[in-house]
């Protein structure tokens, strides 16, 4: 098999590589186990990314990351401002 062909649930890494594309199609048609594995991987990917549950999980992760990042930045800025105003040194908390 060529590099980048038939891996990670896809047939070809570069669809513009005509040799790799042809080899991938031939491999799927020649080897039923490859076709079955691509089918299983594609189905799992589709359910994970493109169902309402999968999309909701992606939105939730994105929201949590954004909220956590924003909250940390806001709190950090407020704490630094308060300490600068009072002249107290920042002390790590445990």
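The values are calculated or read from the model by the stated rules, or taken from the named source; none is laboratory data. Quantities reported herein were computed from a predicted structural model and do not represent experimental measurements. Backbone-built Cβ (ideal geometry, glycine too); neighbour counts: all protein chains shown.
How many residues does the range 1-47 hold that are at pLDDT below 75, closer than 28 Å to residue 58 by Cα and either over 22 Å from the mean Cα position of the chain (by Cα) or surrounded by fewer than 13 Cβ atoms within 10 Å (Cβ to Cβ) (or both)?
Number satisfying all stated conditions: 1.
Please state which one of 25, 55 is without any contact (Cβ under 8 Å) to a residue 40 or more places away in the chain and either touching a helix residue (DSSP H, G or I) at 6+ places or on another chain (Cβ under 8 Å) or outside the structural domain of residue 14 (by TED's automatic domain parsing) (or both). Please lay out each step first, then the result.
Details: 25 fails: either touching a helix residue (DSSP H, G or I) at 6+ places or on another chain (Cβ under 8 Å) or outside the structural domain of residue 14 (by TED's automatic domain parsing) (or both).
None of the other options fit; the residue is 55.
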